[in-house]
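Undergrad: Below you'll find the structure I mean.
The values are calculated or read from the model by the stated rules, or taken from the named source; none is laboratory data. Being a predicted model, the structure only gives us computed values, none of them experimental. Don't worry about glycine lacking a Cβ; one is built from the backbone with ideal geometry, like all the others, and counts go over all protein chains shown.
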Amino acid sequence: MIWRLPMYDSWTMRGGGEAIPLFHTLRTLAFGTAGGALGYLLGLPLGWMLGAMAVTTVLAIAGVRVNASPKPRAAMIAVIGLMVGSAFKPEVLRQAGEWSASLAAVAVYTIITAAFGIFICRRLGRLDPTTAALSGMPGGLSELIVMASSFKADVRSVSMVHATRLVLLITTVPLSLSLSGALAAIGGGTVDRTVDWTMALPLADAAVLVFCAVVGVLLGRRLRLPAANLTGPLMLSALAHVTGLTGAGVPGLVIAVAQVVIGATIGQHFIGVERRVLVTGVILGTVLTCFSLAMAVIFAIGFDRFLDIPFAIGLLALVPGGLPEMSLIAISFNADPAFVSLHHLSRVVIIVVATPLILPAWLRLAGATGKG
């Protein structure tokens, strides 16, 4: 089976990817819902997302086409933006000035993990220089896949390494924090395993949230913001909440749906992948995950000791598990989602801005080294 990754942005199909039938999308979401319900019943942290991700990933590796249109995921990422934005209370603005040191640390962390990742993908994985550079970056899955196509890199290898990293971090970090007791330092926070199935939300508040979501996506895309479907709604939601226009949160049922959709659509990166690419991607992704997680632990300990930022919050703000996914985890843990999301956004911005700038210099260096 020849594997072709659908190249798309958040709303429209682009490039050489094939259109995805509605039946495939509905079937994938049905599989994800079943897996999410099982995860929820088992009491797993983020059970809806982890269960959906586990089922579709296993099915994809087994050869089942669990691909889906990007539109449901794009809509649910906008929902995550609304949820994160609702955490921006007036007191958050007063604290923002205190985050300069931790934001600078994120930049250092990003540089270290990127340098290690590129080295490992080039030496251990024996990937070509362009593919190694884009595979070794700590995060920004969607953006890096688009770059891989533009720079003629091996899209399959880039997506496989990052998908492996994403799956491992999303799985291990919530479970580790739940079992380790690290959440006690943030007020005994635990993953919210219950769902309020009611949709009780005043009409005025619902209208504000819908406006923030729709206009935020359009504005984010217009301004070409990184992760525009998340950052656009996030900014408008934050503005609406910090000014007191609304104090409403997203209903629990919608949050559960967002978890299922985001989890279910992760598995499609493993559809029909060749065994060689799968094995190489899993090995490299595992090595990079271990290193990035170890470095995140070291930095989080520093945050806790020197910046008075609880270890659990620092760890969630550092591990490159995906901006929407880590934001969702922070919301579920009640672990200062505004802080976590802002730090992940800064990492993604650094990667998106720096990668096209440093890639030509890296290719020249790799070419000169190869000739030598």
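Undergrad: Can we say Ile298 is in contact (Cβ under 8 Å) with a residue 24 or more places away in the chain and over 16 Å from the mean Cα position of the chain (by Cα)?
TA: no
Undergrad: If you check every pair at least six apart or on different chains, which have Cβ atoms under 6 Å apart with a residue in the stretch 90-102 that is under 20 Å from Leu239 (Cα atoms) first and a residue that is surrounded by 14 or more Cβ atoms within 10 Å (Cβ to Cβ) second?
TA: Listed by first residue and then by second, the contacts come to Pro90/Val242; Val92/Ala338.
Undergrad: On to the next question. Which one of Ile112, Ile80, Ile61, Ile120 is in contact (Cβ under 8 Å) with a residue 60 or more places away in the chain and under 19 Å from the mean Cα position of the chain (by Cα)?
TA: Only one candidate passes the filter, namely Ile80.
Undergrad: To continue, here is another question. Report yes if some residue within the stretch 111-121 is closer than 20 Å to Ile329 by Cβ and crowded, with 22+ Cβ neighbours inside 10 Å; otherwise report no.
TA: Checking the stretch 111-121: at least one residue is closer than 20 Å to Ile329 by Cβ and crowded, with 22+ Cβ neighbours inside 10 Å.
Undergrad: I would also like to ask the following. Kindly provide the set of residues from the stretch 268-278 that are assigned to a helix (DSSP H, G or I) and buried (at least 20 other Cβ atoms within 10 Å of the Cβ), ordered by number.
TA: Across the stretch 268-278, the qualifying residues are Gln268, His269, Phe270.
Undergrad: Can you tell me which residue within the stretch 204-228, out of those that are modelled with pLDDT under 90 and either of a type in the set (A, V, I, L, M, F, W, C) or out of contact with any Gly (no Cβ under 8 Å at 6 or more places or on another chain) (or both), is farthest from His344 (Cα to Cα)?
TA: So the residue we want is Arg224.
Undergrad: Additional query: Just wondering, is there one or more residues in the stretch 222-232 that are more than 21 Å from Ser332 (Cβ to Cβ), within 18 Å of the chain's Cα centre (by Cα) and assigned to a helix (DSSP H, G or I)?
TA: yes
Undergrad: Taking the stretch 279-331, which residues are closer than 19 Å to Ser157 by Cβ and crowded, with 17+ Cβ neighbours inside 10 Å?
TA: Thr280, Gly281, Val282, Leu284, Gly285, Val287, Leu288, Thr289, Ser292, Pro320, Gly322
Undergrad: With (1) within 18 Å of the chain's Cα centre (by Cα); (2) hydrophobic (A, V, I, L, M, F, W, C); (3) closer than 30 Å to Ile271 by Cβ as the list, and Ala107 as the residue in question, which single condition is left unmet?
TA: Looking at each condition in turn, Ala107 falls short on (3).
Undergrad: Which one is nearest to Tyr109 (Cα to Cα), of the residues in the stretch 332-349 that are buried (at least 22 other Cβ atoms within 10 Å of the Cβ) and among the β-branched types (Val, Ile, Thr)?
TA: Val348
Undergrad: Any idea which of (1) at pLDDT below 85; (2) in contact with a helix residue (DSSP H, G or I) (Cβ under 7 Å, 6 or more places away or on another chain); (3) assigned to a helix (DSSP H, G or I) is the one Val146 doesn't satisfy?
TA: (2)
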